[in-house]
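Worksheet for the structure shown next.
Derivation of every value follows stated rules applied to the coordinates shown; laboratory data play no part. In this text the structure is predicted, and so the values were computed from the model without any measurement. Positions of Cβ are backbone-derived with ideal geometry, glycine not excepted, and every protein chain shown enters the neighbour counts.
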Amino acid sequence: MSHLYISAAHKSSGKTTVSIGLCAALAARGLRVQPFKKGPDYIDPIWLGRAAGRAVYNLDFNVHSRAEVSALFATRSEGAHIGIIEGNKGLYDGLSLDGSDSNAALARQFGSPVVLVVDTRGITRGIAPLLQGYRVFDSEVNIAGVILNFVGGARHEDKLRRAVEHYTDIPVLGAVQRNAAISIEERHLGLVPGNEARGADATIEVLAQLMEQQLDVDALLEVARTAPPPAGPGAAGPPVRVPAGGRPLRLGVLRDAAFGFYYADDLEDLAAGGAELVYIDALHDQGLPAVDALVLGGGFPETHLELLEANDGLRRHIREAISDGMPAYAECGGLMYLCDAITWGGERHAMAGVLPLEVQMSERPQGRGYAKVRETLRHPWPGGGSGAVIPCHEFHYSMLVKPGAGHTYAYDMERGFGIDGRHDGILRHRLLASYVHMRNCADNRWTERFLAYVGDFC
């Protein structure tokens, strides 16, 4: 499979908008486009997947070994004509000083041709030393082309092109003009999710048309064909576990405009592990379907408070089911929904009331970035209490008001904030609810463990 790595000099260069439009433009040509996203992210993959018509997979050195990353890329590339990897932040950015967790490191690992999206606002001739510097900083990174973004008109484009062509041998593969009409609204964690944004499909269609017009798509495809084929064996999923009763477990999964933060391969691993996924719309479904357990992922419940509160039938059914012993797992937005209420902008809205806690939205992030948790002895899932340290991540602007003493926690925080800076994974009945987000991987088979836990009660 041919592929491109879309990166940038720095964050907020517009590479996500370019990647969304390119995926949609290629799909409109009849190509099977497989998108990938570097690092932990839910929002960009929702947009990319909607544009390409395929699930998006995250490539993350924080939770996966290099062998796992290669296997994931190879396995998920099967059957696609072209892969589009969208980077995070800048090409050389990362936590490690040596760059071992950077976009450049991932591009080197795959032998990917890198297309650099450059924010050209306020720059003309200065683009040349920028590109030269990025090329010589790491000669093993193949910067195969540049896309000029936020171009201020024909004269600006001409100056930029002449500078790039005179001082470098990097081909200009497109020039995207400034256009307020195609900007995607941003929120504190990035773009507004594509499952929530009104007119998302119309926006994607406009982006596809503009990228077809303003990028040299044929040249981009030629660059993609220079990529080596993905290397690495297919990664085996967790073994299928069917309860003693012989029927698949039915997992109710909240998935709608308020709750959409799920990794595609985690959902696939739950299904491969013997679960039937039953999707629930917390905004509109009035009752709880016949399920054995619940999974409540992250999202932005704070932007849908009125609808969530108005759906008191589902809130009541969820509260009663968990109180009666139904196993449940919740992350971030799901945790918030299970509390008594959420207050934002001075307005308080009742939620499911499973956890006797209140949620307060903040203007500043309470937990943001990579995190690490250590399992406590009270972790209820099979294998729990081992003291294992699990890499994960958190992104939340909310806090639990006075969580106080008397609660039981599944995790001690090794890095990050969690619920109170010291703990996360609050336990109540058979519910585990945390701010941190997990990823199913070789060192953290959370999907298999959760299914085994559910199976013990079915």
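Below are the figures for this structure:
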| item | result |
| --- | --- |
| Whole-number percent relative contact order across the chain, with pairs defined as alpha carbons under 8 Å at least 6 apart | 13 |
| Spherically averaged projected area in nm², based on the convex hull that wraps the Cα atoms of the stretch 25-89 | 4.3 |
| Whole-angstrom Cα spans of the stretch 2-224 along principal axes, big to small | 43, 42, 35 |
| The stretch 270-382 - Kirkwood radius from inverse mean 1/r over Cα pairs (Å) | 15.4 |
| Mean Cβ count within 10 Å, highest first, over the residues of peptides 316-324, 436-444 | 436-444, 316-324 |
| Members of Lys89/Lys402; Lys89/Lys159; Lys11/Lys402; Lys15/Lys402 lying beyond 32 Å, as alpha-carbon distances in this model show | Lys89/Lys402; Lys11/Lys402; Lys15/Lys402 |
| Protection proxy ranking, peptides 274-282, 356-364, average beta carbon neighbours within 10 Å, highest first | 274-282, 356-364 |
| Under Karplus coefficients 6.51, -1.76 and 1.60, residue-wise ³J(HN,Hα) of the stretch 32-44 in Hz, glycine/proline x | 7, 9, 10, x, 9, 10, 6, x, x, 6, 10, 6, 4 |
| Potential extension, Ser139-Ala271 segment - 0.36 nm per residue separation minus Cα distance | 43.2 nm |
| Modelled FRET efficiency - R0 41 Å, Ala202 with Ala67, Cβ distances, 0.05 increments | 0.50 |
| Distance cut-off 19 Å, percentage of C-alpha pairs in the stretch 106-167 lying past it | 31 |
| Cα-projected label distance for Arg108 with Gln286, points at 7 Å along beta-carbon direction, nm | 6.0 |
| Whole-number Å³ per residue for the convex hull built on Cα positions in the chain | 143 |
| Projected-area average for the stretch 249-455 over all orientations - Cα convex hull basis, square nanometres | 10.1 |
| 3J(HN,Hα) from dihedral phi, the stretch 57-65, Karplus parametrisation 6.51/-1.76/1.60, rounded to Hz, x for glycine, proline | 10, 8, 10, 9, 5, 5, 10, 10, 6 |
| Bins of 5 Å, starting at 0 and running to the largest distance - Cα pair percent for the stretch 377-458 | 3, 13, 24, 28, 18, 10, 4, 0 |
| Label-point gap, in nm, between His407 and Glu320 - each point 7 angstrom along Cα→Cβ | 2.7 |
| Computed lengthening from Leu97 to Arg250, 0.36 nm per intervening residue step minus Cα-Cα distance | 50.6 nm |
| Solution diffusion estimate, µm²/s, Stokes-Einstein, the stretch 22-142, Kirkwood Rh from C-alpha pairs, 25 °C, viscosity 0.890 mPa s | 158 |
| Over the stretch 295-361, volume per residue of the alpha carbon convex hull, in Å³ | 70 |
